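Computed from the coordinates by the stated procedures, all read-outs in this text should not be read as laboratory data. The structure presented is a predicted model; accordingly, all values stated were derived computationally and were not measured. Note: ideal-geometry Cβ built from the backbone for every residue, glycine included; neighbour counts use all protein chains shown.
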Amino acid sequence: MTVSSQVKQTLAALKGAQGILRLYSAQSQDEKAISVYQEALFVTNDVIKNLEERLKTIEFEEPQYKGN
Amino acid sequence: MKEWMIILLRSILLFFVILFFVRIMGKRQIVKMTPFYFVSYSVIAILTALLSVNIIRNLAFGWIALGVWILFPMVLDYISLKSKWLHDVIHGRETILIKDGKIMEENLKQMGMTGEELLRELRGKNIFQLADVEFAMMETTGEINVLLKSDKKPATPYDFGKKVAPQGAPQTVILDGNVMDEPLSNMGLNRGWLKMQLEGMGIALENVFIGQVDASGDLYVDLFDDSIQPPRPKVKEMLYAVMEKSQADLEAYALETKDEKAKIMYGADAEKLQQVLQKLKPYLLR
């Protein structure tokens, strides 16, 4: 697998995880649980942004794999 | 009126009167009653039975006696709530039977218990070794409650130093095929959400016997037809697994990439995800 498709897979997995985290942070009854889920959402968001940035650079450098 | 009709009517009347008063008098488990309540309840029962069958010749006397035996316990009960002294007089105090692992023989004698009876009660609580007991107390109900020595107590997550998320109370939202709206709204959910969950599991509402929602909002159902297996929600474990894999991927990328800036970025993100995973662990994997 090319690097860019690997990164895209990780990105997709993290976005899915983000959705579930958001669901749990809304559904939970316990205060501490909600804050833990929200913190996780935050970090996941950051990581996703970084990955998207990196993806742009990778695709720029290897245009033959773009859009895979 | 015929005799049997009188008895029928009186019995029905007494039935509802007693039902009403017993509800007012409050709940006390039959097993865990102090002698005072036991006697009161018994007398009320006997009087009611006698009245019901018309054995008590003079009706008025019967009702007076019943009235006294119902009202006096209720009044004394109320007063003993306010006054500890009266409570102790009526119900007695708890007695310590074993302290610091040693049996208090004088207290045992006071309670009229032999050593054999004490051992029997302990065995009833699954304690076969006297050596395991730190503290034992006989309550006013005659029941014995035992505190085991710390190393003989069953282990809890606290003892392992493992952090576990507090488990809130679950709400029963479906009982006998009927949706209970109040528990649903206690969790901040409604019938629409329930319908969606059931559709997601591919189960019709009519098939559900009991449905419970736990504190984190997962629905668990028990079906009428026990041969069908409802999909057990493993969302939490999957979420943890996904994040764990992503974190491992990031570490791999950090090693593979030749770009310095990217290496640092991947490394930092992997670290952040790792920390978050640690925090999520007690909540996602119980």
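Rounded to the nearest 500, what is chain B's calculated 222 nm mean residue ellipticity when only DSSP H runs of at least 4 contribute -39500 (n - 2.57) each, over all residues?
-18000 deg cm²/dmol
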Give me A:10, B:95, A:2 sorted ascending by neighbouring Cβ count inside 10 Å, so fewest comes first.
A:2, B:95, A:10
Calculate the dipole size of region B:171-232 relative to its Cα centre from +1 charges on Lys and Arg beta carbons and -1 charges on Asp and Glu beta carbons; express the result in debye to the nearest 20.
200
For region B:236-284, what Kirkwood radius comes out of the mean inverse Cα-Cα distance, in Å?
11.1
Translational diffusion coefficient, Stokes-Einstein: compute it for region B:67-212 using the Kirkwood radius over C-alpha pairs as Rh, at 20 °C and 1.002 mPa s, and state it as an integer in µm² s⁻¹.
103
Mind jotting down the distance between the C-alpha centroids of region B:44-69 and region B:1-22, whole Å?
11
Ranked list, fewest to most other Cβ atoms within 10 Å of each Cβ, for B:3, B:121, B:237
B:3, B:237, B:121
Inter-chain shielding of B:242-250 (mean C-beta neighbours from other protein chains, 10 Å cut-off)
6
If we restrict to alpha carbons, what Rg and Dmax does chain B come to, in Å?
30.9, 106
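Any idea what the relative contact order of chain B is, in percent, if you count C-alpha pairs under 8 Å spaced at least 6 apart?
This gives 10 percent for chain B.
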About its Cα centre, what dipole magnitude does the protein assembly as shown give when the only charges are +1 on Lys and Arg Cβ and -1 on Asp and Glu Cβ, stated in debye to the nearest 20?
860
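To the nearest 20 Debye, how big is the dipole of region A:3-61 about its Cα centre, given +1 on the beta carbon of each Lys and Arg and -1 on that of each Asp and Glu?
Magnitude of the dipole: close to 140 debye.
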For B:69, B:4, order by how many other beta-carbon atoms lie within 10 Å, fewest first:
B:4, B:69
Any of B:99/B:152; B:245/B:281; B:27/B:109; B:234/B:263; B:162/B:234; B:82/B:102 with alpha carbons more than 26 Å apart? Name them for me.
B:27/B:109; B:234/B:263; B:82/B:102
Can you grab the distance from the C-alpha centre of region A:1-37 to the C-alpha centre of region B:144-198, Å, no decimals?
25
